[in-house]
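*Asks:* There's a structure below that I have some questions on.
Please treat every number below as a calculation from the coordinates, not as lab data. Here the structure is a predicted model, which is why all the values come from computation and not from measurement. A quick note on method: Cβ atoms are made from the backbone with ideal geometry, for glycine too, and the neighbour counts reach across all protein chains shown.
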Amino acid sequence: MAVIHLNKNNYKKEVLESEQPVLIDFWAPWCGPCRMLGPTVDELSKDLTGKVKIAKVNIDEEQELAQAFRVMSIPMLAVMRGGKMVSSSVGLQSKAKIMKMLEK
């Protein structure tokens, strides 16, 4: 499944109403660690097709969503289940660590 570009208009449908867990990657184009994490997130979207939705939020374009999640540092990953955040992490993460976050 392709990565969903999340914004305030599709957030309710793609996250709050999702029957699958959702991994949200908060990032910005000027952030080096975010660019390093990007390929891992893209790879997860292919590996987890049909099991987990993968979404990205460009914090420069979607400041409202970034504020709602209290994003202070990026990259930040958040795992949502049933409309609630069940885990999060800040900084560059390995694929294995992200997979563990998704298992919780």
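*Asks:* Output the number of the condition that Thr40 fails; it satisfies all remaining conditions of (1) under 13 Å from Ala78 (Cβ atoms); (2) in contact with a Ser or Thr (Cβ under 9 Å, 6 or more places away or on another chain).
*Replies:* All conditions pass for Thr40, except number (1).
*Asks:* Out of the residues in the range 63-73 meeting the condition of being outside any loop (DSSP other than H, G, I, E, B) and among the small types (Gly, Ala, Ser), tell me which one is surrounded by the most Cβ atoms within 10 Å (Cβ to Cβ).
*Replies:* To start, the set of residues in the range 63-73 that are outside any loop (DSSP other than H, G, I, E, B) comprises 63-68.
Subsequent filtering for residues that are among the small types (Gly, Ala, Ser) retains 66, 68.
Working: Ala66: 19, Ala68: 12.
If we take residues in the range 63-73 being outside any loop (DSSP other than H, G, I, E, B) and among the small types (Gly, Ala, Ser), then Ala66 is surrounded by the most Cβ atoms within 10 Å (Cβ to Cβ).
*Asks:* May I pose another question? So if I check each of Ser45, Ser87, which one is touching a helix residue (DSSP H, G or I) at 6+ places or on another chain (Cβ under 7 Å), hydroxyl-bearing (Ser, Thr, Tyr) and not in a loop (DSSP other than H, G, I, E, B)? Walk me through it before giving the result.
*Replies:* Numbers: Ser45 fails: touching a helix residue (DSSP H, G or I) at 6+ places or on another chain (Cβ under 7 Å).
It is Ser87.
*Asks:* Would you please name the residue that is surrounded by the fewest Cβ atoms within 10 Å (Cβ to Cβ), looking only at residues in the range 5-40 that are closer than 14 Å to Ile98 by Cβ and free of Cβ contacts under 8 Å to residues at least 40 places away in the same chain?
*Replies:* In this case the residue turns out to be Pro39.
*Asks:* Considering only residues of the range 74-85 that are within 14 Å of the chain's Cα centre (by Cα) and without any contact (Cβ under 8 Å) to a residue 24 or more places away in the chain, which is surrounded by the fewest Cβ atoms within 10 Å (Cβ to Cβ)? Step through it out loud before you land on a result.
*Replies:* Applying the first criterion (within 14 Å of the chain's Cα centre (by Cα)) to the range 74-85 yields 74-81, 83-85.
Adding the requirement that they be without any contact (Cβ under 8 Å) to a residue 24 or more places away in the chain leaves 84-85.
Working: Lys84: 8, Met85: 13.
Per the stated criteria, the residue is Lys84.
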